[in-house]
1. How do the pairs read when you match residues in the stretch 224-239 that are on the phi < 0 side of the Ramachandran plot with residues anywhere that are within 11 Å of the ligand (Cβ to nearest atom) and among the hydroxyl-bearing types (S, T, Y), using Cβ under 8 Å and keeping only pairs 6 or more apart or on different chains?
2. Please give the number of the condition F7 fails out of (1) within 16 Å of the ligand (Cβ to nearest atom); (2) touching a residue at least 12 places away in the same chain (Cβ under 8 Å); (3) not charged (D, E, K, R).
3. Please work out if V112 is closer than 18 Å to T37 by Cβ and out of contact with any strand residue (DSSP E or B) (no Cβ under 8 Å at 6 or more places or on another chain).
4. If I go through the stretch 1-32 residue by residue, how many of them are in a helix (DSSP H, G or I) and within 16 Å of the chain's Cα centre (by Cα)?
5. Open to solvent by 80 Å² or more (accessible area, probe 1.4 Å), in contact with a strand residue (DSSP E or B) (Cβ under 6 Å, 6 or more places away or on another chain) and either within 16 Å of the ligand (Cβ to nearest atom) or not aliphatic (A, V, I, L, M) (or both): is that true of K55 in this structure?
6. When you scan the stretch 87-107, how many residues do you find that are within 18 Å of the chain's Cα centre (by Cα) and either open to solvent by 40 Å² or more (accessible area, probe 1.4 Å) or free of Cβ contacts under 8 Å to residues at least 12 places away in the same chain (or both)?
7. Starting from residues that are within 15 Å of the ligand (Cβ to nearest atom) and among the β-branched types (V, I, T), keep the ones in the stretch 137-187 and report whichever is nearest to T74 (Cα to Cα).
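The values are calculated or read from the model by the stated rules, or taken from the named source; none is laboratory data. Just so it is clear, the structure is predicted and the values come from calculations on it, not from any experiment. Cβ atoms come from the backbone with ideal geometry, glycine included; neighbour counts cover every protein chain shown. Note: areas computed on protein heavy atoms with side chains; ligands, DNA, RNA excluded. Shrake-Rupley method; radii C 1.70, N 1.55, O 1.52, S 1.80 Å.
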Amino acid sequence: MEKYENFLELLQYRRSIRKFKPDPIPDEYITKILEATRYAMSGGNSQPWQFIVIKDPEVKEKVYNAYLECWDFTYHMEQQRIQEYRLPAFDVPPPEKDKSQRMLAGWKDAGVYLALLMDRRKHWGSVLVANQGLRVMPLSMGHCSMVIHLAAAALGLGSQRVDFSFQQPFREILGYPEPLELDVIIPIGYRAYEPGPPHRFPIDESIHHDTYDMSKFVRNEDFLEHLLRLRKLTRPGYRVAIGEDKG
Ligand SMILES: Cc1cc2nc3c(=O)[nH]c(=O)nc-3n(C[C@H](O)[C@H](O)[C@H](O)COP(=O)(O)O)c2cc1C
């Protein structure tokens, strides 16, 4: 039971941290975080990941600037939607565009950026997994990513997942060959703020006993209402990073 309580506390402490202090983190911490990834689950134990530990300020700056272009693209694409239905970090109109940048790209100062590369060939260690490659591969990467976030939290650090729209700029900067792909960038560093507890839907809404309880099914006509509830839950996690919410 005590282990469960500690585990739950760690899960709640881990949040997406979107602003960091510029202090470097000890190499020992990076080693510990990477060591933890060895125990992540992966399809057929394929361990399809490789890591680039980015500490050189010049490389960091290039990676960061490449990300800004991805962010800019997504920002403008998201403006196609009605404001309150947009992902919370994009529900700011163009005159306030810098807020979106501060929420999604506030990670510039993080001590280290971890680039997670995936190697699709490694899933061919299992035919079953390879057959389902498109689905299973990113799942394995997701397990690895979660271990990294939890290990960072266990060390009192903050981390964020940074997804992006384009592969090529990162390939040029980081020099990884085909067929490797960049799966995600995880900035890790000292937290510049404390985000408060995570906001989630009540668990009862997701649990069914023996057979599916249709009263819990989100009907198509209710989907927008569901989305608004979700936006309300998720908004503070982004706003707290720019000092506009208590989290
Ligand atoms: C697959 C996946 C992709 C995500 N991509 C991003 C991202 O690109 N940028 C970002 O700021 N957060 C990203 N997140 C973080 C989520 O927004 C975050 O986990 C969610 O809002 C819950 O907040 P919490 O992590 O603080 O508990 C991603 C999370 C997952 C699991």
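1. What qualifies is G237/S16.
2. (2)
3. Details: closer than 18 Å to T37 by Cβ: yes; out of contact with any strand residue (DSSP E or B) (no Cβ under 8 Å at 6 or more places or on another chain): no.
For V112, the condition - closer than 18 Å to T37 by Cβ and out of contact with any strand residue (DSSP E or B) (no Cβ under 8 Å at 6 or more places or on another chain) - is not met.
4. Of the stretch 1-32, the ones in a helix (DSSP H, G or I) are 2-13, 27-32.
Narrowing the set further to residues that are within 16 Å of the chain's Cα centre (by Cα) leaves 11-13.
Of the residues in that region, 3 qualify.
5. On the way: open to solvent by 80 Å² or more (accessible area, probe 1.4 Å): yes; in contact with a strand residue (DSSP E or B) (Cβ under 6 Å, 6 or more places away or on another chain): yes; either within 16 Å of the ligand (Cβ to nearest atom) or not aliphatic (A, V, I, L, M) (or both): yes.
For K55, the condition - open to solvent by 80 Å² or more (accessible area, probe 1.4 Å), in contact with a strand residue (DSSP E or B) (Cβ under 6 Å, 6 or more places away or on another chain) and either within 16 Å of the ligand (Cβ to nearest atom) or not aliphatic (A, V, I, L, M) (or both) - is met.
6. The qualifying residues number 3.
7. Ranking the candidates gives V162 first.
Yes/no per residue for (1) within 10 Å of the ligand (Cβ to nearest atom); (2) of a type outside the set (A, V, I, L, M, F, W, C); (3) over 30 Å from P48 (Cα atoms); (4) part of a loop (DSSP other than H, G, I, E, B):
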| position | (1), (2), (3), (4) |
| --- | --- |
| E194 | no, yes, yes, yes |
| S215 | no, yes, yes, no |
| L224 | no, no, yes, no |
| L228 | no, no, yes, no |
| P236 | yes, yes, yes, no |
